[in-house]
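**Q** This structure is in structure tokens; I'll ask about it shortly.
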Amino acid sequence: MKTEVILTHNIVGLGGESDQVKVAPGYARNYLYPQRLAIPLTQANRRHIEALKRKRAEREAHEFNTMTELAKGVQKLICVLKVKTGDDGKMFGSVTSGMIADEMKHQFDITLDKKKIHLEHPIKALGEYDVELHLHTDVKSTLKVQVQSLTAIAAPAEAPAEDKKPRTEKRGHGKQAEKAEAAPAEKKSAKVEKAEKPAKKEKKSKGE
């Protein structure tokens, strides 16, 4: 036979402050009463119900405000998880909500119950994901999760590119360069001819 108690604190899966619930006598006697989480449902204890309801309303309002602020904050974060993969990038195992909760604590010192992290299926491939968070009955948010490999993934081999010299000259510029190079050569040959002419005259005068 179960016993009726009035909860004085919020207990996940059982109820909140002021709730009247039925539990096993041993559970009430060995856990709820010693931890001051509940009181026996008696006529004298009923007078505490209104005070417990006010306490519950204050707690729920505080939780709502806290989760609303958290929802705004996590939308700006990127939670990075590094996992082991094969050389082809295929993951060993999968990423679970518990792993995400652990990384949120490690990277940002944010404590999240893994039950608030909603994954329809475990993540089994590298990439970026938008993970839905159920932070409160009336508060939801989205966390960006990046799953990266701890193993260096070999890049695909590229085909050798053909050696092609870039053509930087415009049409006609090549001919102008040839003319510019030929001009100094013509000047040199003209000087050599001038230098040779006096020598021929000297030979002529000696012959006379």
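**Q** Can you pick out the pairs among 55/144; 53/140; 55/76 whose Cα atoms lie more than 28 Å from each other?
**A** Violating the 28 Å limit, Cα to Cα: 55/144; 55/76.
**Q** Determine the principal axes of the Cα atoms in the range 3-67, then give the extent along each, sorted from largest to smallest and rounded to whole angstroms.
**A** Principal extents (Cα only, largest first): 36, 23, 17 Å.
**Q** Counting only Cα atoms, I'd like the Rg/Rh figure for the range 75-149, Kirkwood definition for Rh.
**A** 0.97
**Q** Another question, then. What are the principal axis extents of the Cα atoms in the range 74-117, in Å, biggest first?
**A** Here the spans come out as 33, 21, 16 Å, largest first.
**Q** Here's a follow-up. Which residue, chosen from 31, 44, 21, occupies the Cα position most advanced towards the positive end of the dipole of the range 3-67, where the dipole is computed from +1 (Lys, Arg) and -1 (Asp, Glu) charges on Cβ about the Cα centre?
**A** 44
**Q** Taking the range 1-40 as the region of interest, what is the percent of Cα-Cα pairs per 10 angstrom bin, listed from the shortest bin to the one with the maximum distance?
**A** For the range 1-40, the pair-distance distribution reads 37, 61, 2.
Bear in mind that the values in this text are calculations on the coordinates, not laboratory data. This is a predicted model, so every value here is computed, not measured. As a convention, Cβ positions derive from the backbone with ideal geometry for all residues, glycine included, and neighbour counts pool all protein chains shown.
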